[in-house]
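The values are calculated or read from the model by the stated rules, or taken from the named source; none is laboratory data. Please read these numbers as outputs of a predicted model, since none were measured by experiment. Here the Cβ is made from the backbone with ideal geometry for all residues, glycine too, and neighbour counts use every protein chain on show.
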Amino acid sequence: MDQALTTEYGVVPQRLLPRNTNTEIVYDVIIVGSGFGGGVLASQLADNGAKVLVLEAGSYLFPTHVGNLPRQLPIGQFDKNTWHIYQDFGVINYQNVDGSNFQGAQAFNLGGRSIFWGALTPRQAQWQLQSWPQTIADYLLTGGGYEAAEKRINITAPPASAFQTQSTSFLDATISGFVAADAPMAIEYVAPAHWMVPTGLFSTADLLLEDYLRIAAPTPDRQLTINLNTAVWTVTTNAGKATGVHCFDLLDQVQRTYTGNVVVLSAGTIESAKIALQSGLNDPTNLIGRGITDHMIRYRHFTVPPGTQDSTTTDSAKVVLQHPTATLDTHAFDIIVELGTELNQGRYVDPNDLAADENIRNGWMICEIVFQYYADLVEGNFVQLSGDDPADPMSINMQPATPSDALLAEADQIAQDIFAAYKAEPVLGEGGWPALQVANLGNVAHEVGTLRMTDGENGVVDTNLKFLAYDNLYACDNSVFPTSPAANPSLTLAALATRLAGQLG
């Protein structure tokens, strides 16, 4: 991973995303960060007519999700190719304290981590929301929250195919008690409207650029302004209200203060907490930066021999399994099975590479099984400032959230049942077969909890994502999650951003 932000401002962002550094403008809403929370929120607010300023510390790296770019197929190898390029652009703006082993990275760029994510978007089930405020659980499950978010980020099932249908049915029958379903993903397999190209993985870079490009000509009073390469240092406040943000322009190398009627921190679980701490915000519960948690993820790559299922070497399927009677103590995990890891290898792959891959595999299919566990926040975990310089990395204490022995054993047995059903073999060169491997903390950017939500007093923000001590300061990213769900967090965050947009706009 890279250790520093990429700071550049080429001709493309200059023309497509012209900055406005006029500090005399008073914005309706200032949003810090352009990722899943900030990007969805900014787009919806601009659609609603609000005058919005988005401040993004990073540059314009890609105009879209990297999976929408031509990609090289790793011939005959297991590789999560939609994420692979992130190794060149992730930023490590933190340091572990003794005994901590967080190994995540941050995405400072237009679109944030949304241009590098895996596009899997399962809903949280009722049991995962037991510790969430009831207002939010009701909104998500019965109030249309998930439906609105799924529409906003183009959720669909994998393409209808005999192999997808067969795989879902096979897994449903193989794992007793769990219900298998086509994996919901933010991919436009079918065009959502006339005159639209039916393909592509969702990112907020796409969303924000679409908002920008439909405006005929940039004007000083445009509804949406995006200033790249602008690192926010602090929220400015007065008498219990946020007045704006103080930041550093990485291009002009000057400090500026922008003014807004509402400020929203959407810089991610680590950076939003950092800004809050650097701002010296009133923290009546002393919980800012406390409880950062990443749920345990266990996985195993495997291969399926020829003839095990009615498939070809170019078939792919992705299935999610959840238990309908799961509780916090039983079946408390989601299972993701990907058969044929070429599913999201990019919009264009050289046919010669496909032929070479098919030839070298000789009928064998490369697959993956993943167990994602629910976790309460680990109260002893924290992020804290490491120095007085706003550019200093954060210090992190991240201890793992460990499921019970019974949950670990249950997942072990399910994995072995699936391996047996598929006559699975290990991937060449990978040791430890057939035991499940534990993913490094932070590897897939699911950390949550540093600005946790509450419907009482034991939190940092309320059910409207507003800081308890301020009238007009909000957070909208994974930091507000009061638990670490088994489900990937992106869909839930998109739903929270859509709800907040309706309240603010």
Practice problem: Exactly one condition in (1) within 13 Å of V461 (Cβ to Cβ); (2) touching a Lys or Arg at 6+ places or on another chain (Cβ under 7 Å); (3) modelled with pLDDT under 95 is not met by L287; state its number. | Solution: (3)
Quiz item: Out of (1) closer than 17 Å to A495 by Cβ; (2) part of a helix (DSSP H, G or I); (3) touching a strand residue (DSSP E or B) at 6+ places or on another chain (Cβ under 9 Å), the odd one out for W132 is which?
Solution: (2)
Quiz item: Considering only residues of the stretch 263-286 that are surrounded by fewer than 23 Cβ atoms within 10 Å (Cβ to Cβ) and not polar (S, T, N, Q), which is nearest to the chain's Cα centre (by Cα)?
Solution: L277
Quiz item: Which residues, counting only those in the stretch 426-436, are modelled with pLDDT of 95 or more and either in contact with a strand residue (DSSP E or B) (Cβ under 6 Å, 6 or more places away or on another chain) or among the acidic types (D, E) (or both)?
Solution: L436
Quiz item: For the stretch 422-448, which residues satisfy the criterion of being in contact with a Pro (Cβ under 7 Å, 6 or more places away or on another chain) and either of a type in the set (F, W, Y) or buried (at least 20 other Cβ atoms within 10 Å of the Cβ) (or both)?
Solution: W433, L441, H446, V448
Quiz item: Got a sec? Which of E24, E56 is among the charged types (D, E, K, R) and surrounded by 24 or more Cβ atoms within 10 Å (Cβ to Cβ)?
Solution: E56
Exercise. Looking only at the stretch 356-367, decide whether some residue is touching a helix residue (DSSP H, G or I) at 6+ places or on another chain (Cβ under 9 Å) and modelled with pLDDT under 85.
Key: yes
Self-check item: Residue in the stretch 81-92 that is buried (at least 20 other Cβ atoms within 10 Å of the Cβ), modelled with pLDDT under 90 and more than 18 Å from G33 (Cα to Cα) present
Solution: yes
